[in-house]
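Structure record follows, encoded as structure tokens.
The values are calculated or read from the model by the stated rules, or taken from the named source; none is laboratory data. All figures in this text were calculated on a predicted structure; none of them were measured in a lab. Every residue, glycine as well, gets a Cβ built from its backbone with ideal geometry; the counts of neighbours run over all protein chains shown.
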Amino acid sequence: MPGLEPAGTPTVHQEKPRRRDFLAACAALAGGCAVPQEPARKASKILLRSSWQTVNIGDIAHTPGMLRLLEEHLPGAQVTLWPNRLSAGVEKMLQTRFPWLKIAATPETQKAAMEGCDFCLHGSGPGLVGAAEMKTWQATGKPYGFGGVTLSDAEIKSQRALLAGAKFVFCRDTNSLQALKAGGFEGPLAEFGPDATFFLELRDDVKADAFLREQKLGAGEFACFVPRLRYTPYWKEGRKMAPEEIARREGINEKHGEADHAKLRAAIVAWVKETGRKALLCPEMTYAVELLRPLLFDPLPEEVKPKVVVRPSYWLTDEAASTYARAAAVVSLEMHSPIIAVANGTPAIHLRQPTDTRKGQMWRDVGLSDWIFEIDESSGEDIAARLLALHRAPERTKGAVAKARAMTAARGKAMMQALVANL
């Protein structure tokens, strides 16, 4: 989002030479003697603990969103990213957009970053994903903070000392913030601070436009629809989990998969039939690619299918952002596709499942409460009606998106001001 930095935002810079310094320097040159120069102001060195995984365009988006905020509000700061693990594509994407970024991907560079940086910022995410590293940092006595995290009651209890020692804790949803305050924390500044994905400015227009041309999807002439199971099947990717827990989660996915996606299909059918425009079925996570046909496309009425495009593969955040920017709307069972859409000026409806975390509350927190549906409490007709209402009232819809973006920009500024105050 352009223009995030308001007038008066503290920045790291060098002062301009004063006139008497200039004259003194000239005299020194004439006389052949050196004049001491005023030392340059030291650039702040920030360690960003972020980049949790790359199988989700939303988890990828946390990092470039936060880097954009830092770039806007602390130009000149030296930022080092400590990631979990970056794929080659994601690393290239980050370094293309942020060529000044240092990445600490090895134990040696991570140790050097811990020693050399002045402040450690835990990026936004589903919880205290980097708690272990933050505890190691805490032992150094140097300041640290949390920017845009969801907190569970268990985390608030188990990580009490870590949270209490922070300079600030910005929660990306007010449910987490209320739970944090109820815990009696008196040390850190505790406020609402948006998920960093709201500040995303990554695009791959070339790749997105090539796909859209191939599929005959004109800008503003299609809506995107994103599936999700109630539990992400991480166990299929090798994440360790007790067999009985895997069985429980698979049972819940099987029980609700069809019912949840039938409601999303109702929105697809209504969109195609009323508007005559196309629908693009696309994934937020790698595993969702295989859901697009059986849960969304195959059960559609035959007369609707010619207007529906199925994306055949996973994509990265920059291409997804360019695609959402060209869409008329996004309807998603995932949370971050709607955020990426709104960050690019596109209206988005979120369908929240009860197995998801507190993060869905953020849609209400940023003023989009009419665009979130609790899936068990809503019908497909309700969701379809809201989507069509957004389409029929474009100016009102644009105004709601603009208001949400202004609100998140203000709270992003507040996060950066808290950071600057502790450098």
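General observations
- Residue in segment 270-291 that is at negative phi, among the acidic types (Asp, Glu), in contact with a Phe, Trp or Tyr (Cβ under 7 Å, 6 or more places away or on another chain) and modelled with pLDDT of 95 or more present: no
- Test: residue in segment 243-254 that is on the phi > 0 side of the Ramachandran plot and either basic (Lys, Arg) or at pLDDT 95 or above (or both): no
- A single member of Thr136, Thr174 is surrounded by fewer than 24 Cβ atoms within 10 Å (Cβ to Cβ), under 23 Å from the mean Cα position of the chain (by Cα) and either of a type in the set (Ser, Thr, Tyr) or closer than 24 Å to Ile60 by Cα (or both), and it is Thr174.
- Failed item in (1) crowded, with 21+ Cβ neighbours inside 10 Å; (2) part of a loop (DSSP other than H, G, I, E, B), with Thr355 passing the rest: (1)
Residue by residue, here is whether (1) touching a strand residue (DSSP E or B) at 6+ places or on another chain (Cβ under 9 Å); (2) modelled with pLDDT under 95; (3) surrounded by 12 or more Cβ atoms within 10 Å (Cβ to Cβ) holds:
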residue	(1), (2), (3)
Pro2	no, yes, no
Pro10	no, yes, yes
Lys16	no, yes, no
Gln53	no, yes, yes
Ile57	yes, no, yes
Leu70	yes, no, yes
Leu101	yes, no, yes
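- For segment 177-201, residues that are crowded, with 24+ Cβ neighbours inside 10 Å and modelled with pLDDT under 95 total 0.
- Any hit, segment 393-405, residues being closer than 28 Å to Lys273 by Cα, charged (D, E, K, R) and touching a Leu at 6+ places or on another chain (Cβ under 8 Å): no
- Qualifying residue in segment 194-205 (condition: free of Cβ contacts under 8 Å to residues at least 40 places away in the same chain and not assigned by TED's automatic domain parsing to the domain that holds Thr323): no
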